[in-house]
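Here the structure comes first, spelled out in structure tokens, and everything after it is commentary.
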Amino acid sequence: MRTTIVAAGTVLIGVGAVLLATMLTVPQLVGLGVWLACAVVLHDGVWVPLVTAASRGGGWARRALRRTAR
Amino acid sequence: MSAKLLDAAHSPARGTRLSVVIGRWLALTFAVCLVTGFYSHLLQDPSTWPGVTFSRPAWLYAVTQSVHIVAGTVSIPLLLGKLWAVYPELLRWPPVTSVLHGLERVSIAVLVSASLVEVTIGVINTFQWYPWPFPFRETHFALAWVILGSLLIHVAVKYPKIAAHWRGSRAASAPDAGRARRRVLALVGAAAAAAFVGTASENVPAVRALAVFTPRRPGRGSQGLAVNRTAEAAGVAVPADAADWRLRVVVGERVSEFSLAELAARPQAERSLPIACVEGWVQDAAWGGVPLAGLLEAAGASAGDVVVESLERAGNYRMTILPERFAWDPLTLVALRLGGEPLSLDHGFPARLIAPGRPGVLQTKWLAELRVITGGKA
């Protein structure tokens, strides 16, 4: 069952790829590739580290506040 | 290096349970977007799969497309939360342990990048800003297939973990982990709720001020109705008397021409129909004009799809196809009036199409020609 779903998923990705290949020109496909790559780089390389740093900072501030409150 | 990064990114809230809980919400919003998005695509491209779009109820498209925009916007905080929950997986070392594992990681990369781009361009598009080098509609549609496929693979691969964590278990996690997880869930849930209110309120007049995530408030524009594409933007200029303008109706070899005065002399009808934009805003308006079915009959037609052409010289929607079900719906008008007054130029003067259950971009303004086709042939 799971193998069948993986196979079906692969086919659907193929459908998407064929649609892109037929509807977009080569420069448009290259542009889309750049957007796809940038999305991952910005999310994983900038956004999540910022969120992680912010939550670290938030946790540190909360602990510091608790210490001063005591 | 990887261990240090993992340590820095550590949070007790992360874990399979958090992924499963957010993943379920995200699966729901993505599924809603998929169904409503495909419906909108079929309306805009009736040649791909004719016969599955409906002119009734007249508000059908207004609902499906509003839901699409709301669900898509709500997906953003859910997607960010989901990706945050699984971030340590990215930093795993070694990155690939077998060929199968490598393929799975590729499918994840496809899923993540396609999903991020899909929701990003979707939101930017609602602001009518197109800062990308590819066509929006085609790309948004094709990426939906890619996401559906890679998501099916993802769920199938992770199924044992999903099933194991479908129900929460207090014994399975330490109390502080449970607390931290609930804090993250509350944050993601609050962001999703804010996204919901900030978009869904756009079409609820009483709370419209809350629609902070939407660019256009219905009600702005001439004659109390919003305008996406002005006559100036479309390069259309028609003098106020429209003396030289004629609406051509072509049925086979027969060509009929109607002046504005001739259209106004025909039996008139008043209809309350919404303009429902692909960008998610909806506005009801009172239209007056000539029922299209009667006009087509007067020109010698009795059935068929209709090719609708605008005076616009360029533009993606200069020419559209009005499927038979919409063309012959008694609600469909060649509208001459809006709110009892002649159409303003921005609303399509001298005459525009208004049909139930269609995207606003297909409610062709500045009509020039209607050509009846049957079985795809002129």
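At-a-glance table
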{"item": "Options B:106, A:16, B:319, ranked by Cα towards positive dipole end of the protein assembly as shown, top entry (Cβ charges)", "result": "B:106"}
{"item": "Among B:336, B:227, B:144 the positive-end extreme of the charge dipole of the protein assembly as shown (Cβ point charges)", "result": "B:144"}
{"item": "Virtual spin-label span in nm between residue A:42 and residue B:28, 7 Å along Cα→Cβ", "result": "2.9"}
{"item": "Distance in nm between pseudo-label sites at residue A:50 and residue B:161 (7 Å out along the Cβ direction from Cα)", "result": "2.7"}
{"item": "Under the Karplus curve 6.51 cos²θ - 1.76 cosθ + 1.60, θ = phi - 60°, whole-Hz ³J(HN,Hα) for the range B:363-374, x wherever Gly or Pro sits", "result": "8, 3, 9, 6, 4, 10, 8, 10, 10, 7, 10, 10"}
{"item": "Antiparallel %, DSSP beta bridges [both residues in the protein assembly as shown], to 5", "result": "85"}
{"item": "Only Lys, Arg (+1) and Asp, Glu (-1) charged, at Cβ; the protein assembly as shown dipole about Cα centre in debye", "result": "2900"}
{"item": "Rounded tilt (10° steps) of B:99-126 against the dominant C-alpha axis of chain B", "result": "40"}
{"item": "Built amide H within the under 5 Å cut-off of residue B:285, gap 5+", "result": "B:273, B:275"}
{"item": "Highest-fluctuation residue, B:267, B:133, B:215 considered, GNM on chain B with Cα pairs under 10 Å", "result": "B:133"}
{"item": "Linear extension gain, residue B:207 paired with residue B:223, 0.36 nm per residue minus alpha-carbon span", "result": "3.6 nm"}
{"item": "Paramagnetic reach from residue B:194 in the range B:59-83 [backbone N under 11 Å; point 7 Å along Cα→Cβ]", "result": "B:77"}
{"item": "Karplus-derived HN-Hα couplings along the range B:200-215 (A = 6.51, B = -1.76, C = 1.60, θ = phi - 60°), whole Hz, x at Gly and Pro", "result": "5, 6, 4, 9, 10, x, 5, 10, 4, 4, 7, 7, 6, 9, 10, x"}
{"item": "Value at 222 nm in deg cm²/dmol, rounded to 500, when DSSP H runs of n ≥ 4 in chain A each add -39,500 (n - 2.57)", "result": "-30000 deg cm²/dmol"}
{"item": "FRET efficiency, residue B:255 to residue A:34 (Cβ-Cβ, R0 51 Å, nearest 0.05)", "result": "0.55"}
{"item": "Estimated FRET transfer efficiency when R0 is 25 angstrom, pair residue B:59-residue B:319 (beta carbons, to 0.05)", "result": "0.45"}
{"item": "Relative contact order (%) - criterion: Cα under 8 Å, at least six apart; region: the range B:251-378", "result": "29"}
{"item": "Residues with amide H under 5 Å from that of residue B:373, placed H, sequence gap 5 or more", "result": "B:305, B:306, B:307"}
{"item": "Difference of contour (0.36 nm per residue) and Cα-Cα distance, residue A:23 to residue A:64", "result": "9.1 nm"}
{"item": "Calculated [θ] (222 nm, deg cm²/dmol) that DSSP helices of n ≥ 4 give over chain B, each run adding -39,500 (n - 2.57)", "result": "-15000 deg cm²/dmol"}
{"item": "Per-pair calculated FRET efficiency, R0 = 25 Å: residue B:297 and residue B:374 via Cβ, rounded to 0.05", "result": "0.95"}
{"item": "Potential lengthening between residue B:284 and residue B:233 on full extension [0.36 nm per residue; Cα-Cα distance subtracted]", "result": "16.0 nm"}
{"item": "Distance (nanometres) between label positions extended 7 Å along Cα→Cβ at residue A:1 and residue B:244", "result": "7.0"}
{"item": "Distance between the range B:245-269 and the range A:6-63 - C-alpha centres, whole angstrom", "result": "51"}
{"item": "Candidate aspartates and glutamates - alpha carbon under 15 Å from residue B:158, same-chain residues fewer than 8 apart omitted", "result": "B:89, B:104"}
{"item": "Charge dipole (debye, nearest 20) of the range B:222-373; +1 at Cβ of Lys and Arg, -1 at Cβ of Asp and Glu", "result": "140"}
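Each value in this text was obtained by applying a stated rule to the coordinates, not by laboratory testing. These numbers were taken from a predicted model, which means no experiment stands behind them. Positions of Cβ are backbone-derived with ideal geometry, glycine not excepted, and every protein chain shown enters the neighbour counts.
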